[in-house]
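*Asks:* First, the structure itself, so that you have it in front of you.
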Amino acid sequence: MHAEKQVTLKNKEGLHARPAALLVQAAGQFSSEVQVVKEGFPPANAKSILAILSLGVEQGQSVLLRAVGEDAEEAVRCLSALVEGGLGEG
């Protein structure tokens with residue numbers, strides 16, 4: 001299975017260490033391969049904190065959440081809700 005969704009980061013400080021850690025922790029609960037795609041950057045493994053931080057996503061920027069695997073739809077639904085909810089900071 002394959003699923004993807006465009007989401008916009010709402011966090012004032014951007015995707016810094018604390019919200020990135022929440023995203024990585026949530027992505028790790030799924031067996032699917034999960035990526036965060038930001039324009040101009042190679043796709044980042046959503047299960048790697050360093051990969052996520054390397055994107056430098058700032059408030060108001062959009063990223064594509066992409067998952068491939070058995071639980072891809074559930075992974076994208078969960079992660080997009082987390083991002084849209086402010087990753088614990090909103």
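*Asks:* If you take the beta carbon distance between LEU50 and GLU70 as r and set R0 to 30 Å, what does 1/(1 + (r/R0)^6) give as a FRET efficiency, to the nearest 0.05?
*Replies:* After rounding, the FRET efficiency stands at 0.70.
*Asks:* Debye calculation, C-alpha points only, no solvent: report log10 I(q)/I(0) for the chain at q = 0.25 Å⁻¹, in the same order as the q values.
*Replies:* -1.35
*Asks:* Say R0 is 25 Å: what FRET efficiency, to the nearest 0.05, do PHE41 and GLU89 get from their beta-carbon distance?
*Replies:* 0.65
Readers should treat all values here as calculations from the given coordinates under stated rules, not as data from a laboratory. Note that the coordinates shown come from a computational prediction; the quantities given were computed from them, not determined experimentally. Neighbour counts are summed over all protein chains in view; Cβ atoms, including those assigned to glycine, are modelled from backbone coordinates with ideal geometry.
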